[in-house]
Amino acid sequence: MDIAAGQHTAVDTPVIRARGLTKAFAERRAVNGIDFEIYPGRCFGFVGPNGAGKTTTLRMTMGLTPLSGGTLSVFGLPVMEHASRIRCRVGIVPQADNLDPDFTVEENLRVYASFFGLSGEQVTRRIESLLDFVSLTDRRKAKTDTLSGGMQRRLTIARALINAPELVVLDEPTTGLDPQARHVIWGRLSELKASGKTLLLTTHYMEEAERLCDELVIMDHGNILAQGSPRDLIEQHVEPEVLELRGAKGTAFEQLAETRGCRLERMGSSLYCYTKQAGPLIEALKNQHELKFIHRPAGLEDVFLRLTGRELRD
Amino acid sequence: MNFWRLPRLRAGSVAVWRRNILVWRKLLIPAILMNFGEPALYLLGLGFGLGHFVGEMSGMSYLAFLASGIIASSAMTTASFEGMYSVFTRMVPQKTYEAILATPLEVDDILAGEMLWCATKSLFSGVAILAVATLLGVVDSWQALWVIPVVFLIGLCFAGPAMIMSSLASNYDFFNYYFVLVVTPMFILCGVFYPVETLPEAMQGAVQILPLTHAVILTRALVAGAELTQPLLHLTVLMLYAVISYYFAVVLVRRKLLV
């Protein structure tokens, strides 16, 4: 698990450092003694199926749920004793929007600023630039319940930036948004990273993790299964090329693929062949017109499914 | 994180109070109508209607007796409503507390701010009734203005138990229990409509535990000039209710939200 640490110089101190971090509820262990370090200016992702322990981990790092075991420090401060001080320097985007329905867009930002003890000219200027950043300047007088899902999410992100945080924590920032809204948010998050902020996000969209994260951990059942950059993870855990076939189950091709050293995975009527060399297989498929196939490079989703399995999570 | 840790009082609670007053300002007209309308109805209807038959009570006109009691009971119901329906709305369906907890504020600050706000609303209702009572000519003297800080304290005293109910509730129906079993009995039994001394002796002792009894004694003395022998005792009872219920509300809300 020291792949990440090796990439950093000794002077870098982690923004978040967790050792043996554990959360046990009465009926289950949500987080099972995990270690991780998050370095400044980077985007770190927690990826995993529903119930993997991602949100619980985030809540612990913000001092919003007590640890059951292990140590956890943010900005070098132990979280349990200094949660309030730590949250002064953090912006939090929760999984479900919790904007204040009693206020307009602009009032939401101003009232939220007051919770950080911020007011006056400085806040007014910050609100202007944040409304501009999330493209809501012309909706500033709108009540929040008249905004679309994407707008509400953008406002929630702006709200999380009102205290000019060093660390921004996002719990599934684009879940439930349409592709346009999602791309806008990805763009804004990239800008935030470019401006030097540290980002910590959870997601179960592999595309999102691949685009945004410098480093990520794959979690399941409260454990970290793998850790590294998206590219490292793909290199370490799956073969570089994939052939996806429909209706190839039990055909001669399946046997051929197996003898060529392919790792095969079956899901419904689909067959996935993971291989280092797809060339010869594609040759063989040219004669079998009834078999439709897709040839693509392996991605994070393949790593994810390999490590967490393909069965449903409810 | 120790859920039983003593709460810290910090300036952040004022930001929570300010948030609520900003929302209240948007609904100013209906809020003021409620503040004046209900007590005016009680005073005119019961004070004049019932007062016609009753005449005097405890050496004062029934209207004065009732007005000075209603100030206390109205502070109770105002703070109880706000501490239950509004606090629960912000805590559970609206997730306002979740949003606030993502800032440096803690449960301690949120509930202190809510309690100040509940008491502020009690104060508004107290001022409204005092104004109506003055117009009806039953206010004794300028010393009646002292009832304003006392009404604020009464608000604090009832806000805490209401917030405890909010922390235990899983839906709004739960609050009916508290109203039927706690608020209404106090309203009927604690001396708002008749002197506590007319109750059977066993009950007289029992109502001494209830905070509204002490609240009514204070407001009746200040507004209608009734005799007041132990002001410190009554103030202390109200303060103890406020402080102890605040503490338990904080512990319960921590357990509810910080999981």
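What the table shows:
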| quantity | calculated |
| --- | --- |
| Solvent-accessible area of A:HIS289 with every protein chain in place, 1.4 Å probe, in Å² to the nearest 10 | 150 Å² |
| Relative contact order %, chain B, counting alpha carbon pairs below 8 Å whose residues are six or more apart | 28 percent |
| Rounded to whole Hz, the Karplus (6.51, -1.76, 1.60) HN-Hα couplings of region B:172-177, x for glycine and proline | 5, 4, 4, 5, 4, 4 |
| Estimated FRET transfer efficiency when R0 is 60 angstrom, pair B:GLN204-A:SER195 (beta carbons, to 0.05) | 0.30 |
| Total charge dipole magnitude, the protein assembly as shown, about the Cα centre, Cβ charges on Lys, Arg, Asp, Glu only, Debye to nearest 20 | 520 debye |
| Mean shadow area of region A:3-232 over all directions, Cα convex hull, nm² | 12.8 nm² |
| Phi to ³J(HN,Hα) by Karplus 6.51 cos²θ - 1.76 cosθ + 1.60 over region B:242-254, Hz, x for Gly, Pro | 5, 5, 5, 5, 4, 4, 5, 4, 4, 4, 5, 6, 4 |
| Average Cα contact separation per residue, region A:35-169, under 8 Å, 6 or more apart, as relative contact order % | 29 percent |
| Estimated Rh, the protein assembly as shown: Kirkwood, alpha-carbon pairs, angstrom | 27.6 Å |
| 17 Å reach of a label modelled at A:ASP35, 7 Å along Cα-to-Cβ, counting backbone N of region A:72-89 | A:72-73 |
| Selection from A:PHE304, A:VAL123, A:SER195, by position along the positive dipole direction of chain A (Cβ) | A:VAL123 |
| Amide H contacts under 5 Å for A:LEU225, placed H, 5+ residues apart | A:ILE218, A:MET219, A:ASP220 |
| Virtual spin-label span in nm between B:SER170 and B:LEU41, 7 Å along Cα→Cβ | 3.4 nm |
| Sequence of A:THR61, B:THR236 when ordered by accessible area, the most exposed leading, probe 1.4 angstrom | B:THR236, A:THR61 |
| Shape category assigned to region A:239-298 from the gyration tensor of Cα positions, a/c cut at 1.5 | rounded |
| Shape call, region B:179-225: gyration tensor on alpha carbons, a/c limit 1.5 | oblate |
| Distant alpha-carbon pairs in region A:60-107 (separation over 15 angstrom), percent | 54 percent |
| Region A:91-184: trypsin sites (Lys or Arg not before Pro) in DSSP loop, at most 12 other beta carbons within 10 Å | A:LYS141 |
| Cα-centred dipole magnitude for region A:3-232, charges only on beta-carbon of K, R (+1) and D, E (-1), debye, nearest 20 | 320 debye |
| Student exercise, chain B dipole from Lys, Arg, Asp, Glu Cβ charges, in Debye to nearest 20 | 1020 debye |
| Share, in percent, of DSSP beta bridges within chain A that are antiparallel, nearest 5 | 65 percent |
| Inter-chain shielding of B:89-102 (mean C-beta neighbours from other protein chains, 10 Å cut-off) | 5 |
| Long-range amide H partners of A:ILE92 with built H, under 5 Å | A:VAL169 |
| Rounded FRET efficiency, nearest 0.05, which uses the C-beta distance separating A:ARG310 from A:GLN236 and R0 of 25 Å | 0.80 |
| GNM result for chain B, Cα springs below 10 Å: residue of B:SER13, B:SER245, B:SER61 fluctuating most strongly | B:SER61 |
| Positive-end residue, the protein assembly as shown charge dipole about Cα centroid, Cβ charges, pick of B:LEU41, A:ILE162, B:THR78 | A:ILE162 |
| Over chain A, relative contact order from alpha-carbon pairs under 8 Å, at least 6 apart, % | 20 percent |
| Accessible area, probe 1.4 Å, largest first, for residues A:HIS221, A:HIS237 | A:HIS221, A:HIS237 |
| Debye log10 I(q)/I(0) at q = 0.10 Å⁻¹ for region A:1-127, Cα point scatterers | -0.42 |
| Equivalent ellipsoid semi-axes - Cα gyration tensor, chain B, angstrom | 33, 19, 16 |
| In order through region B:89-95: 3J(HN,Hα) via Karplus (6.51 cos²θ - 1.76 cosθ + 1.60), integer Hz, x for Gly, Pro | 4, 6, 7, 9, x, 7, 6 |
| At 1.567 mPa s and 4 °C, Stokes D of region A:149-299 from Kirkwood alpha-carbon radius, µm² per second | 71 µm²/s |
| Estimated 222 nm signal from helices in chain B, with DSSP H stretches of n ≥ 4 weighted -39500 (n - 2.57), rounded to 500 | -21500 deg cm²/dmol |
| Cys residues of chain A counted as unpaired, since no other Cys beta-carbon is under 4.7 Å | A:CYS43, A:CYS88, A:CYS213 |
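The values are calculated or read from the model by the stated rules, or taken from the named source; none is laboratory data. A quick note: this is a predicted structure, and the numbers were derived from the prediction, not measured. Backbone-built Cβ (ideal geometry, glycine too); neighbour counts: all protein chains shown. For accessibility, only protein heavy atoms count, side chains too; no ligands or nucleic acids. Shrake-Rupley method; radii C 1.70, N 1.55, O 1.52, S 1.80 Å.
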